[in-house]
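The structure that follows is given in the form of structure tokens.
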């Protein structure tokens with residue numbers, strides 16, 4: 001079988017310790033690296049956070065499922 005890899009990203013030391021314990025219990029080869037970079041585009045994250053804030057402030061429009069169905073007719 002070819003080698004396969006899985007990437008986990010956590011900022012929580014407890015979760016990291018759990019993942020390490022699982023790897024050791026299963027006798028898996030693994031490495032741990034630390035980075036300050038994120039895999040998400042900063043502009044994208046900012047837009048999502050702004051959307052969440054707008055929703056929390058009530059600045060949104062809701063559409064009923066019936067209106068949504070009629071939108072495409």
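Take region 1-17 and flag every residue that is under 19 Å from the mean Cα position of the chain (by Cα) and surrounded by 10 or more Cβ atoms within 10 Å (Cβ to Cβ).
8, 10, 15, 16
For region 35-48, which positions are modelled with pLDDT of 85 or more and within 17 Å of residue 9 (Cα to Cα)?
45
Report every pair of residues separated by at least 6 positions or lying on different chains whose Cβ atoms are under 9 Å apart, first residue within region 58-73 and assigned to a loop (DSSP other than H, G, I, E, B), second modelled with pLDDT under 90.
Correct list of pairs: 63/71.
Okay, moving on. Output the residues belonging to region 29-56 that are assigned to a loop (DSSP other than H, G, I, E, B) and either within 18 Å of the chain's Cα centre (by Cα) or surrounded by 10 or more Cβ atoms within 10 Å (Cβ to Cβ) (or both).
Within region 29-56, 30, 34, 35, 36, 37, 38, 39, 40, 41 meet the criteria.
The values are calculated or read from the model by the stated rules, or taken from the named source; none is laboratory data. Note that the coordinates shown come from a computational prediction; the quantities given were computed from them, not determined experimentally. Please note: Cβ atoms are built from the backbone with ideal geometry, for glycine as well, and neighbour counts cover all protein chains shown.
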